[in-house]
1. Report, to the nearest whole %, how much of the accessible area of the chain belongs to carbon and sulfur atoms, 1.4 Å probe, protein only.
2. Considering only protein heavy atoms, with the full assembly of protein chains and a 1.4 angstrom probe, order MET123, MET156, MET55 by accessible area, largest first.
3. Determine the sum of side-chain charges near MET55: Lys and Arg each +1, Asp and Glu each -1, restricted to other residues whose C-beta is under 13 angstrom from that of MET55.
4. Quick check: with the 1.4 Å probe, what order do ILE145, ILE31 take by accessible area, largest first?
5. Expressed as an acute angle from 0 to 90° and rounded to the nearest 10, what is the orientation of the C-alpha long axis of helix 40-52 relative to the principal long axis of the chain?
6. Taking the dipole about the Cα centre of region 1-133, with the C-beta of Lys and Arg at +1 and of Asp and Glu at -1, give me whichever of TYR83, VAL118, MET55 is farthest to the positive side.
7. With unit charges on the beta carbons (Lys and Arg positive, Asp and Glu negative) and the dipole taken about the Cα centre of region 1-149, which residue among GLY101, ALA149, GLY35 sits farthest to the positive side?
8. Hey, can you find the accessible area per residue of region 1-158 for me, probe 1.4 Å, expressed in square angstrom?
Amino acid sequence: MTSAAAPQLVLRLVGLALLTVIVQVAAVSQIQVFGVNADLLPLVVAAVGLLCGSMSGALFGFGVGLFADLALVQTVGLSSLLYLAVGYWCGRARELRDPQGALVPIAAGAAATAVATVGYSIMQLLLGVDAPVTLGLVREIVATILLNAVIATPVMALVRRLLGRALPDDPRRRRRRA
């Protein structure tokens, strides 16, 4: 990555984080599909981790989680911790393997959503929030994971499009050098 591309990537990531949380809170959380809402936050964090690496993914996840907790007036720090882990591990997957397969966004989206929803539920229970664990909760978690797996590919393509040429290893740049 060139020195001119780094500030551009940071600005695009900050804009993407703000846009994602605002769209999630204002629009996507109001639309129900099969009785559940889609959750764009883990999908976008996973996409940034897969596209930019572990450190960028972890920092982006922390920022998105913090902004989401503040916007939704939740326990501050829970989403930050979960999205930090999601961004880091998706970034590590990018660094250890070359995630260019067609099923990678679906698998990463499902795993990121599973970590976010199950992790948030477990953390809320550990903090003593008085919420019953019922079959309805399990059904909602599974349905959210499946819905997010379905929309993961278009979300990944949109994130790639929004970050554009600021990405660290843009394949178009790699072809030009060769």
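1. On the way: 6850 of 9930 Å².
Ligands and nucleic acids excluded, carbon and sulfur reach 69 percent.
2. Numbers: MET123 45, MET156 20, MET55 120 Å².
Heavy-atom accessible area, descending, gives MET55, MET123, MET156.
3. On the way: positive: ARG92, ARG94; negative: GLU95.
That sum, taken over residues with Cβ under 13 Å, equals +1.
4. Values: ILE145 35, ILE31 100 Å².
Ranked list, largest accessible area first: ILE31, ILE145.
5. So the inclination is approximately 30 degrees.
6. It is MET55.
7. Farthest towards the positive pole: GLY101.
8. Values: 8350 Å² over 158 residues.
Spelled out: the 1.4 Å probe surface of region 1-158, per residue, equals 53 Å².
The values are calculated or read from the model by the stated rules, or taken from the named source; none is laboratory data. None of these values were measured; they are calculated from a predicted model. With ideal geometry, Cβ positions are generated from the backbone for all residues, glycine too; neighbour counts draw on all protein chains shown. SASA here: full protein model, heavy atoms, side chains in, ligands and nucleic acids out. Shrake-Rupley method; radii C 1.70, N 1.55, O 1.52, S 1.80 Å.
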